[in-house]
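Contents: one structure, followed by commentary.
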Amino acid sequence: MFDLLRAHIGKRIKLTDDEFRRCTAYFTQKKIRKRQFLLQEGEVCRDIAFVTGGCLRAYTVDHKGNEHVIQFAVPDWWISDLASYLGGSPAMQSIDALQDSKVLLLDRSARDELLNAVPALERFFRLLLEANYIATHRRIQDSLSASAEERYLTFIATYPDLSEQIPQAQIASYLGITPQSLSRIRRELMRSR
């Protein structure tokens, strides 16, 4: 489980073997069954999760009971309700597993201790937050100005293997379209190849 985390951190910063060994002591390994919640709306988010296997999703439910997928997290991705995790407020999102999954959890107090124990990780988490900020703004921009087909193509580029692993309704929710519209887009793209 920790090999993937080591490679992930290594893409942004260099840690010594001793620093990484100290780092692992702050994470908790957890298996999450399909449909099991990692976080439910209204709870305070205590952990940020690094996915080592499976697939999770973060989503909200509107007043009509419709789900709106905000993020998928596959291996080598992080997932959390950051506003709740960093600010201690009730979560506005729920996070559950779309497949049996494995994660490494880092709770807020452990994160603070980790940053004191391994100061190089301060830069890593800053870079991670910057990347999250950029991705979030791109997603907002796309939802406002890109066509449904363009959003689907971006989804395929972002999650290349996921379209065959999760229900089409989940992808449609992420794209902000109906499953029927997604089917039409996929058919048209297949025809144009």
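No lab work stands behind these numbers, since they all come straight from the coordinates. Remember, predicted model here, so these are calculated numbers, not experimental data. Positions of Cβ are backbone-derived with ideal geometry, glycine not excepted, and every protein chain shown enters the neighbour counts.
Annotations for the structure displayed:
- Residue check, S101 over 22 Å from K14 (Cα atoms), among the hydroxyl-bearing types (S, T, Y) and within 18 Å of the chain's Cα centre (by Cα): yes
Here's the yes/no breakdown for (1) more than 24 Å from F155 (Cα to Cα); (2) of a type outside the set (D, E); (3) touching a helix residue (DSSP H, G or I) at 6+ places or on another chain (Cβ under 9 Å):
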{"site": "R33", "(1), (2), (3)": "yes, yes, no"}
{"site": "V44", "(1), (2), (3)": "yes, yes, yes"}
{"site": "T60", "(1), (2), (3)": "no, yes, no"}
{"site": "G88", "(1), (2), (3)": "yes, yes, yes"}
{"site": "L104", "(1), (2), (3)": "yes, yes, yes"}
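- When I156, I171, I166 are checked against the criterion of being without any contact (Cβ under 8 Å) to a residue 12 or more places away in the chain, surrounded by 12 or more Cβ atoms within 10 Å (Cβ to Cβ) and closer than 17 Å to V74 by Cα, I156 stands alone in meeting it.
- Residues of the stretch 23-52 classified as in a loop (DSSP other than H, G, I, E, B), within 15 Å of the chain's Cα centre (by Cα) and touching a residue at least 60 places away in the same chain (Cβ under 8 Å), total: 0
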